[in-house]
1. Could we say that Thr83 is crowded, with 18+ Cβ neighbours inside 10 Å, closer than 17 Å to His14 by Cβ and at pLDDT 95 or above here?
2. Quickly run through segment 138-171 and pick out the residues that are over 17 Å from the mean Cα position of the chain (by Cα) and crowded, with 16+ Cβ neighbours inside 10 Å.
3. For segment 43-50, state whether one or more residues are within 30 Å of Val174 (Cα to Cα), among the hydrophobic types (A, V, I, L, M, F, W, C), touching a residue at least 24 places away in the same chain (Cβ under 8 Å) and not in a helix (DSSP H, G or I).
4. What residue, among those in segment 13-23 that are within 13 Å of Ile76 (Cβ to Cβ) and surrounded by fewer than 19 Cβ atoms within 10 Å (Cβ to Cβ), is farthest from the chain's Cα centre (by Cα)?
5. Tell me the residue from Ile67, Ile80 that is outside any loop (DSSP other than H, G, I, E, B) and of a type outside the set (Phe, Trp, Tyr), please.
6. May I ask you to say which residue of Leu89, Leu36, Leu10 is surrounded by 13 or more Cβ atoms within 10 Å (Cβ to Cβ), more than 17 Å from the chain's Cα centre (by Cα) and not aromatic (Phe, Trp, Tyr)?
Amino acid sequence: MSQFQLYFNLGIQHILDLKGFDHILFVISLAVIYMLRDWGKIVVLVTAFTIGHSLTLALATLELVRINSDLVEFLIPVTIAITAFSNILKPRPSGGGGLQLNYLFALFFGLIHGLGFSNYLRSLLGREQSIFQPLLAFNIGLEVGQLVIVVLFLIAASLIVGIFGVSRKEWVLVISSIILGMATMMILENKYW
């Protein structure tokens with residue numbers, strides 16, 4: 001297995017790991033206001049998250065940024081809760097050409113999520129002479145994994161909303177409320193308190 005393939009697989013595994021489902025919850029909370037027909041907006045959204053995630057992951061891996069890992073582990077569910085709560089307040093994407101809040105959440109909160117994996121990745125990359133290719137491969141894998149999650153989720157959403165007649169607003173409110181509840185429990189159980 002090539003070095004690129006190794007880190008690509010690690011990126012996919014990182015996002016699809018059910019033990020660390022916080023990333024899955026965050027990606028779903030970003031995407032829940034969209035439907036499958038909005039695929040172009042969703043790719044931009046997921047890419048914005050990957051850019052934010054990649055930036056702090058690179059900076060932390062290179063040890064240019066250091067933030068208390070307990071604080072980061074506390075902030076990750078906070079980002080999920082804020083995004084889910086925002087969906088409850090406004091369960092549909094805004095019309096028109098303006099920048100939507102979810103794109104800002106994806107980019108800014110992606111910065112926080114990137115810090116969450118940096119210690120582990122730094123220990124892996126410590127053995128590498130150059131970290132550019134492994135970091136690139138990891139982030140491409142991360143992007144692919146996120147797109148897999150979003151596509152599967154949006155297919156389920158399209159079936160439930162389209163076939164079973166659940167209103168789109170109710171779908172967003174129910175899913176966002178569940179995610180908000182899960183994120184709140186993660187916050188309350190966090191050792192940072």
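The values are calculated or read from the model by the stated rules, or taken from the named source; none is laboratory data. This structure is a prediction, so every number in the text was calculated from the model and none was measured. All Cβ positions, glycine included, derive from the backbone under ideal geometry; neighbour counts span all protein chains shown.
1. Values: crowded, with 18+ Cβ neighbours inside 10 Å: yes; closer than 17 Å to His14 by Cβ: no; at pLDDT 95 or above: yes.
Here the answer is no, as Thr83 does not meet what is asked.
2. Residues of segment 138-171 that are over 17 Å from the mean Cα position of the chain (by Cα), as a first pass: 155-171.
The answer is Ala157, Ile160, Val161, Arg168, Trp171.
3. Kept after step one, since they are within 30 Å of Val174 (Cα to Cα), are these residues of segment 43-50: 43-50.
Then keep just the ones that are among the hydrophobic types (A, V, I, L, M, F, W, C); that gives 43-46, 48-49.
Going one step further and asking which of them are touching a residue at least 24 places away in the same chain (Cβ under 8 Å), we end up with 43-46, 48-49.
After this cut, where a residue has to be not in a helix (DSSP H, G or I) as well, the list is none.
Scanning segment 43-50, I find no residue that is within 30 Å of Val174 (Cα to Cα), among the hydrophobic types (A, V, I, L, M, F, W, C), touching a residue at least 24 places away in the same chain (Cβ under 8 Å) and not in a helix (DSSP H, G or I), so the answer is no.
4. Gly20
5. Numbers: Ile67 fails: outside any loop (DSSP other than H, G, I, E, B).
Unique residue meeting the criteria: Ile80.
6. Working: Leu89 fails: surrounded by 13 or more Cβ atoms within 10 Å (Cβ to Cβ); Leu10 fails: more than 17 Å from the chain's Cα centre (by Cα).
After ruling out the rest, the residue left standing is Leu36.
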